[in-house]
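Student: Mind looking over this structure? Questions follow.
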Amino acid sequence: MAISVVMPALEMAQETGKLLAWRKKEGEQVAKGEPLLEIETDKAVVEVEAPGDGLLAGISAQVGDEIPVGQTIAWLVKPGEKLPAVGNPRSPSARATSTQERGSTAGSPPAVKHASAAPQISPKARRMAMDLGVDVARISGTGPGGVITAEDVQAFATAKDVGSAAAPAAQPLSSIARLMAERTTQSWTTVPHFFVSRDYDCTELLAVQKRLAPGIEQAHHSRLSITDLLIALVARVLVKHPRMNSSWSDGAIQPNKDVNMSVAIAVEEGVVSAVIHNADTMQLADICLRRQELTERARANKLRPADITGGSFTLSNLGMYQVDSFTAIIPPPQVGILAVGGISDRVAAAEGKPAIRPVMTVTLSSDHRAIDGAGAAKFLVDLAEAVQQPAKWLG
């Protein structure tokens, strides 16, 4: 039986996805789980894996198309197998034009929006054009079939700079930067935020990192970071505070059955959040490996759908940038995010006397519709114990 390839839904509010590249050509053999296409959603650039084995056939979407979620864009068939009959055999371009001519019809699926007026263009070149403020419609592609390459964009931008002394053009936002602008504005204007901060003595946290890091690095070739330790500890504390691990949906508090830690990762165009699922039950070494893998994929624009979905609470650590403290904006539908500053030596009271201790400031942003002040404070109390006695919480 033929297997349909559809535009996946990676979040509740997602309506469309943009096709950036096919990893296979029409007629090529595809194995289940193999990267099949690359799409751009409101969250990130994501690799989509093949849903089964077969020959890629019946491709109905082109690079650059905006495709409704759930719409079939290709099929995986066995050798000699015919494509399923799916209504009007005309091309998607014809269907889209016809739909526009006669207007929307109730109950009919939205047609693919083809980018016929714009050239096709490689993902790398497209991102470079956005960064340089170049109009790709003015570039002649030198790649196969006239595809615009990164070299074409760079050459055009250089010539433009040499030949023009005009004021710099406005820089369009990349998809990730645009997402950040839209999401943070929506959250800040619709979610009632409140903030609670605490300072934590990190003497034991640093000692645990120093003790465990060599073994993890030797066995897994991965560096144990403070972020890894905090992911593990915060996840375990969230088990005791299920309200903090919930979502706000349709005017009600929706508990999440799993503790899935979203981790803010800085990429070239902005910040994306990748998810470590069931972090409360994972070993520290596994968290370290998973976080490193997600970071590498995020910075290479190779995140997969499962990498960015299902998060229940977010950790954002700017300590590596020598930030003392900051407040973070909640990513809906989550109801909390923890902003972590750097660890620095400060004067603190120890046994009634001033002493120098490594101290870290954390700030918890909470959605006041789901969390009250006492609940937020109690969460930070338990997190203080976890940070100051990590061996007890990590087991």
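Student: Return yes when LEU289 is in contact with a helix residue (DSSP H, G or I) (Cβ under 7 Å, 6 or more places away or on another chain) and aliphatic (A, V, I, L, M) and no when it is not.
Tutor: yes
Student: So in region 320-350, with the set limited to residues that are touching an Asp or Glu at 6+ places or on another chain (Cβ under 9 Å) and closer than 14 Å to ASP201 by Cα, which one is surrounded by the fewest Cβ atoms within 10 Å (Cβ to Cβ)?
Tutor: Restricting to residues being touching an Asp or Glu at 6+ places or on another chain (Cβ under 9 Å) and closer than 14 Å to ASP201 by Cα, the top hit is ALA350.
Student: Tell me, please, whether a residue that is more than 20 Å from SER365 (Cα to Cα), assigned by TED's automatic domain parsing to the domain that holds ILE337 and in contact (Cβ under 8 Å) with a residue 40 or more places away in the chain can be found in region 247-267.
Tutor: yes
Student: Name the residues in region 20-47 that are at pLDDT 90 or above, in a strand (DSSP E or B) and of a type in the set (A, V, I, L, M, F, W, C), would you?
Tutor: Selection gives TRP22, VAL30, LEU36, LEU37.
Student: I'd like to know if region 167-176 contains one or more residues that are part of a loop (DSSP other than H, G, I, E, B), among the small types (Gly, Ala, Ser), at pLDDT below 50 and surrounded by fewer than 12 Cβ atoms within 10 Å (Cβ to Cβ).
Tutor: no
Student: Scan region 354-385 for residues that are without any contact (Cβ under 8 Å) to a residue 60 or more places away in the chain and more than 18 Å from TRP248 (Cα to Cα) and jot them down.
Tutor: Across region 354-385, the qualifying residues are PRO354, ALA355, ILE356, ALA374, VAL381, GLU385.
Student: Residues ALA213, ALA298, ALA279: which one is of a type in the set (A, V, I, L, M, F, W, C), out of contact with any Asp or Glu (no Cβ under 6 Å at 6 or more places or on another chain) and surrounded by fewer than 19 Cβ atoms within 10 Å (Cβ to Cβ)?
Tutor: Just a single option satisfies the conditions, and that option is ALA213.
Student: Here's a check for you: in region 210-240, which residue that is assigned to a helix (DSSP H, G or I) and basic (Lys, Arg) is nearest to LEU394 (Cα to Cα)?
Tutor: ARG236
Student: Identify, please: which residue in region 362-377 is of a type in the set (D, E, K, R) and surrounded by fewer than 17 Cβ atoms within 10 Å (Cβ to Cβ) and is, among those, nearest to LEU205 (Cα to Cα)? So that I can check it myself, show each step before the final result.
Tutor: Keep residues of region 362-377 that are of a type in the set (D, E, K, R), which gives 367, 369, 372.
Okay, now just the ones that are also surrounded by fewer than 17 Cβ atoms within 10 Å (Cβ to Cβ), so 369, 372.
On the way: ARG369: 33, ASP372: 28 Å.
Only one residue tops the list, namely ASP372.
Student: Here's a follow-up. For region 308-348, enumerate the residues that are touching a residue at least 40 places away in the same chain (Cβ under 8 Å) and among the aromatic types (Phe, Trp, Tyr).
Tutor: PHE313
Student: Give the number of residues within region 124-153 that are hydrophobic (A, V, I, L, M, F, W, C) and crowded, with 18+ Cβ neighbours inside 10 Å.
Tutor: 9
The values are calculated or read from the model by the stated rules, or taken from the named source; none is laboratory data. Just so you know, these numbers come straight off a predicted model, no measurement behind them. Note that we place each Cβ from the backbone using ideal geometry, even for glycine, and neighbour counts take in every protein chain shown.
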